[in-house]
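Structure, as structure tokens:
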Amino acid sequence: MIKQKDYYVFGLVVLLLIIFVSGCVQQENKIYEKGFLEGKIIIGPICPVERFPPDPKCQPTEETYKAWPIAIWTTDKKTKIAQIGPKLDGTYRMELPIGIYVIDLEKQQHFGSKDLPATVTINSAETTKLEIDIDTGIR
């Protein structure tokens, strides 16, 4: 014979299962609050005379990218959000909260980039591309 207490326990288990399943469904439909910024940074020339094929000593290094730091700022450029850290081939990809940002050299230099400053919009679960070409001024 089934007791009334067993019905309550069964009902509670079913209720908890429904709550768990509905939470999983809501998680799948959740709106992403972040997007991506990606691209490639080209820095050059590194040596006074460019050769083809390029001299390996005249290729950007980790130190080259550190000498030309690129930051992500709020639109008023008062708050630095992040710094772009490219791989050795110059490519980068980073996740950012959705919003509008200004991308610019962190330290203003005599030479620089015609691509910067740039304003980018990061949309939910989308990738925004920004290619940056920096002229070092070496001739």
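The values are calculated or read from the model by the stated rules, or taken from the named source; none is laboratory data. Everything numeric here is computed off the predicted structure, so don't read it as measured data. Glycine gets a Cβ as well: all are built from the backbone with ideal geometry, and neighbour counts include every protein chain shown. Quick note on the areas: whole protein, heavy atoms, side chains included, nothing else; ligands and nucleic acids left out. Shrake-Rupley method; radii C 1.70, N 1.55, O 1.52, S 1.80 Å.
So the check is Cβ under 7 Å with 6+ separation or different chains; which pairs have a first residue in the stretch 31-46 that's closer than 13 Å to K87 by Cα and a second one that's outside any strand (DSSP E or B) and open to solvent by 80 Å² or more (accessible area, probe 1.4 Å)?
G39/E131; K40/E131
Residues of the stretch 66-80 being surrounded by 14 or more Cβ atoms within 10 Å (Cβ to Cβ) and either more than 15 Å from D133 (Cα to Cα) or in contact (Cβ under 8 Å) with a residue 40 or more places away in the chain (or both), which ones?
Scanning the stretch 66-80 gives W68, I70, I72, W73.
Every residue in the stretch 71-106 that is under 12 Å from G39 (Cα atoms) and in contact with a Pro (Cβ under 6 Å, 6 or more places away or on another chain), please.
Y92
Could you give me the residue pairs with C-beta distances under 6 Å whose first residue belongs to the stretch 90-105 and is under 20 Å from E62 (Cα atoms), whose second residue is in a strand (DSSP E or B) and open to solvent by 60 Å² or more (accessible area, probe 1.4 Å) wherever it lies, and which are 6+ apart or on separate chains?
Matching pairs, first to second residue: G90/K40; G90/I42; T91/K40.
Find the strands (runs of 3 or more DSSP E) located wholly in the stretch 31-139 whose residues include 2 or more that are modelled with pLDDT of 95 or more and under 14 Å from the mean Cα position of the chain (by Cα), and list them. If you could, list the steps in order and put the result at the bottom.
On the way: elements: 34-44, 70-73, 80-84, 91-97, 99-105, 118-122, 127-129, 132-135.
Passing ranges, in order: 34-44, 70-73, 80-84, 91-97, 99-105, 118-122, 127-129.
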